[in-house]
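A short write-up of the structure that comes next.
Where a number appears in this text, it was derived from the coordinates with a stated rule and is not lab data. If you're wondering where the values come from, they're calculated on a predicted model, not measured in any experiment. Every residue, glycine as well, gets a Cβ built from its backbone with ideal geometry; the counts of neighbours run over all protein chains shown.
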Amino acid sequence: MVDLRHHGDVDAEPGLRDFAVNVRGTAPPGWLRERLVAALDRLGTYPSAADDRRAREAVARRHRRHPDEVLVLSGAAEGFALLPVLRPKLAALLHPSFTEPEVALRDADVPVRHVFDGQVPDDADLVVVGNPNNPTSRLRPADELALLARPGRVLVVDEAFMDAVPGETESLAGTDLPGLLVLRSLTKTWALPGLRAGYALGAPDLLARLGKHRPHWPVGTLALEAVTACSEPHAVAEAERAAHELAEHRVWLTAELNRLPGVHVYEPAAAPFLLLRVRDGERVRAGLRDRGIAVRRGDTFPGLTADHLRVAVREPARCRDLLTALAELTTEVLTK
């Protein structure tokens, strides 16, 4: 049975060089840290409606939507956890993909269908797809995804890594489609996994259904401040610059990996990570750990195997040891 609850941070134990978790940097940038520190003085009171409104207005301006079309979340993962409240009769999950939505749906006894070939069942009233996809790094055309929307169906597009795509091409965040629900995360680009901040975009009635049973003050003051700050024009511009830099690093790393014996890189890639297939992947992954390097195992994603590894894209200087270790291990496997 596939371990749907496995996450990359399990692979990235302390002391290992981390290529398993897709977070840019090790801490928020200085300007964001200052905003969060200033917000600490407000922790003596409950998060206010004004804080929530400011965050929703900032997100709405960023995506050219109405504030009522924004629901602030404690990370995009909260959006997945809320999906069962929509009471779907059949959920179609386009795999291989991020497994948290499936965990939430199965825990709520929602029937789930895996879709590997793009043929979504007509009777699926909930469809979940990642764009760009985790773990394949594939970016699907927005027009292709739009064809999945229809009356009576909720189409959930997980855009957790979309702000790492230059120009956010193929995003549906500013699109009005029937039943469309777009989930966004700030965790990866702004190094906020310890805070959890994200939001959902959709029609007001759909967001009202999604948030119907949330507790009071579901999003903390610091997360609301982070959503506000990271949606402002200067932050969006900084994320765009970072996306272009990441794209350059990904092209370089892809070329270097393709030179290694027995390593297949799935292309085209658009996210802050690459999916690899190597012979005897479990042995290679263990060998990397012995050399102090953590990568994400692939066999916990439906449709993938132990020969699949996901590798976070880092700047070239940080990748040298990874490439050297992979070259040694894959050569050893091929010649044994």
Using only the Cα atoms of segment 133-193, construct the convex hull and provide its projected area averaged over every direction, in square nanometres to one decimal.
4.5
Dipole magnitude of the chain about its Cα centre (Cβ charges: Lys, Arg +1; Asp, Glu -1), debye to nearest 20:
260
I'd like to know which of Leu309, Ser48, Gly75 lies farthest towards the positive end of the charge dipole of the chain, counting +1 on Cβ of Lys and Arg and -1 on Cβ of Asp and Glu.
Ser48
Taking N as the number of residues in segment 30-231, what is its Cα Rg relative to 2.2 N^0.38 Å?
1.00
Only counting other Cβ atoms within 10 Å, I'd like Glu78, Glu256 sorted with the fewest neighbours first.
Glu256, Glu78
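What percent does the relative contact order of segment 149-265 come to when contacts are Cα pairs within less than 8 Å and at least six residues apart? The partial results should precede the final answer.
Working: 124 pairs, mean separation 29.0, N = 117.
Here the relative contact order equals 25 percent.
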Report the gain in length on full extension from Arg277 to Thr26: 0.36 nm times residue separation, minus Cα-Cα distance, nm rounded to one decimal.
87.6 nm
Computed over the Cα atoms of segment 1-113, what is the ratio Rg over Rh, Rh following Kirkwood?
1.03
Could you list Asp52, Asp123, Asp307 in order of exposure, starting from the residue whose Cβ has the fewest other Cβ atoms within 10 Å?
Asp123, Asp307, Asp52
Fewest to most Cβ atoms within 10 Å: Val115, Val251, Val156 sort as Val251, Val115, Val156
Cβ charges +1 (Lys, Arg) and -1 (Asp, Glu), total dipole of segment 186-307, debye
480
Rounded to the nearest 0.05, what FRET efficiency is calculated for His213 and Thr335 with R0 set to 56 Å and r the Cβ-Cβ distance?
0.45
Can you give me the Cα centroid spacing of segment 299-328 and segment 1-78 in angstrom?
26
Along each of its three principal axes, how wide is the spread of alpha-carbon positions in segment 155-289, in whole angstrom units, largest first?
53, 32, 32
Show me 221-229, 29-37 ranked by packing, highest mean number of other Cβ atoms within 10 Å first.
221-229, 29-37
Lys/Arg +1, Asp/Glu -1 at C-beta; segment 1-125 dipole; positive extreme among Phe98, Thr26, Ala124:
Thr26
Rounded to 10°, Cα long-axis angle of helix 221-230 versus longest principal axis of the chain:
70
